[in-house]
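Data block below; observations after.
The values are calculated or read from the model by the stated rules, or taken from the named source; none is laboratory data. Given the structure is predicted, the values throughout are model-derived calculations rather than measurements. Glycine also receives a Cβ, built like all others from the backbone with ideal geometry; neighbour counts cover every protein chain displayed.
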Amino acid sequence: MKVFYKNLNSLRFIAAALVIIHHTEQYKWFNGLPHYFNHPVIILFGKLGVDIFFVLSGFLITSLLVIEKERFGRIAIKKFYMRRILRIWPLYFLIAGLSFFVWPHVPALHISQMPDPRAHFWENLLLVVFFLPNVQLLLFRAIPYQAQAWSIGVEEQFYLVWPFIANWAKDKRKFRNTIAVLLAGYLLIKAALVLIPAITHRYHKLDDMAYYISDIFQIDCMMIGALFGLFNFDAKAKQLLTGKVLQVVVYVVTLALISAGAMFGYFYWEIYGVLFGIIIINLVNTNTSVISLEFKWMDYLGKISYSMYMIHVLMINCVIRFFTHNTLLIYPLVFLCTIVVSIASYELFEKRFLHLKQSFAKVQSGSDPKVGM
C-alpha cells in the first residue's frame, strides 16, 4: 500500500532553506563579515525551520501508523524501527564519524568560536552514538559540523515510544485523547518551571530548565503534528480546519508574525506549531487548499532535504572561507554547493538504504514508486 501526501516534500525544502539562511548568517558573523545574525527574523528562521520539521514528522509518522493499524490490525513495530534505521542512521553516523574523526584534523575547517570535539571526547561521542545529541548540545556545547543533528535526536526519541502508544490505543479517538493528555502534561510541567520563579520572585534553575526544554526537547511540537495527523482522519475536524477563510487568516497571521520576528516567551514553539499544523493539513488536502507547492524542483529538493540539513553547515563554512572577498556570492554558492553535495549523498549513498527500507514497509510513503520517504 502506498500513501503520498502532496506538497509535503516542498514544505521540507522550505524548512531546510530557513535553517540554511540562519546558519549562513551565523557563520558570516563567526568570520567577521557583515551579517544579520542578530536580526529577530533570522533568529526565528532557524527555529521555525526545525519547528516545521518536527510538526511535519509528527503528522506524517502518525498518519502512516494509523493507516497501517487500520489496514493490518496492528503496527509491525520491528519493521517500523528498521525503516527508521535505514532512513536516518546511515547519513547520521557518516556525519558524526567525519565530525569526530576527520574534520578536527583539517586545520582549514577549524571554527574558533566552537569547542574542539576532542575535548570531552568520550562523553560527546557516546551521547551522539546513542541518539542524545540534544543532551550533548546542552551539556558540552556544539560540535562543529554535527551540532545540527540535535533535532534528529529529538525525532529518534519520539520514534522510540510512539509506535507503542499507537498500538496501545484501541482507536483513533483514544489515540487522539492520549496525545492531548500527554501534550497537556508536557505543557503544564513547562508552565510550572516558568511560573514558580515568577511567583516567588526568586531566581531558580527551573527557569533555565524551562528554556532548555523549549529549545532542546521539542517532543510537544511532534505531538502537535500528530494531533493534526489524526484530525485529518476526522471529517468534522478536517472540514473545520480546511475552510478557505481560516486558511487565508492562518497564512496572513503566520507571515506577519515571522516578518515581525515575533517570539512568545517559552511557548512560541507551540504557537507556531499549531499554525504549521493547520498549514500542513491544508497542503495535503489539495482539493481545498488555497495554495499549492507542487513544483517538480521543490518536490525533489524536499526529497533531499535531510541531506541538505545534515550537510549544509560544512558547505557554508567552506564557501565563506574561500569566498569572503565577494560576499554577494555567498548565498548562491552555499545553496549550490549544498544542493550538489546533497544530490550526490542521496543518489549515491542514501538510496542504497532506502531501497532496502521498502522491504520493511507495510505502508509506503513518497512520490517515487521505487523509493519511499
Within segment 213-235, restricting to residues that are surrounded by 14 or more Cβ atoms within 10 Å (Cβ to Cβ) and more than 24 Å from Arg12 (Cβ to Cβ), the one that is modelled with the highest pLDDT is Asp234
Here the residues within segment 5-14 that are assigned to a helix (DSSP H, G or I) and either more than 15 Å from Leu48 (Cα to Cα) or among the β-branched types (Val, Ile, Thr) (or both) are Leu8, Asn9, Ser10, Ile14
Per the list (1) over 21 Å from the mean Cα position of the chain (by Cα); (2) part of a helix (DSSP H, G or I), residue check on Lys357 breaks on (1)
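To keep it simple, each residue is scored yes or no on (1) of a type in the set (A, V, I, L, M); (2) outside any helix (DSSP H, G or I); (3) touching a residue at least 60 places away in the same chain (Cβ under 8 Å).
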| residue | (1), (2), (3) |
| --- | --- |
| Ala16 | yes, no, yes |
| Lys28 | no, no, yes |
| His35 | no, yes, no |
| Phe53 | no, no, yes |
| Lys69 | no, no, yes |
| Ile75 | yes, yes, yes |
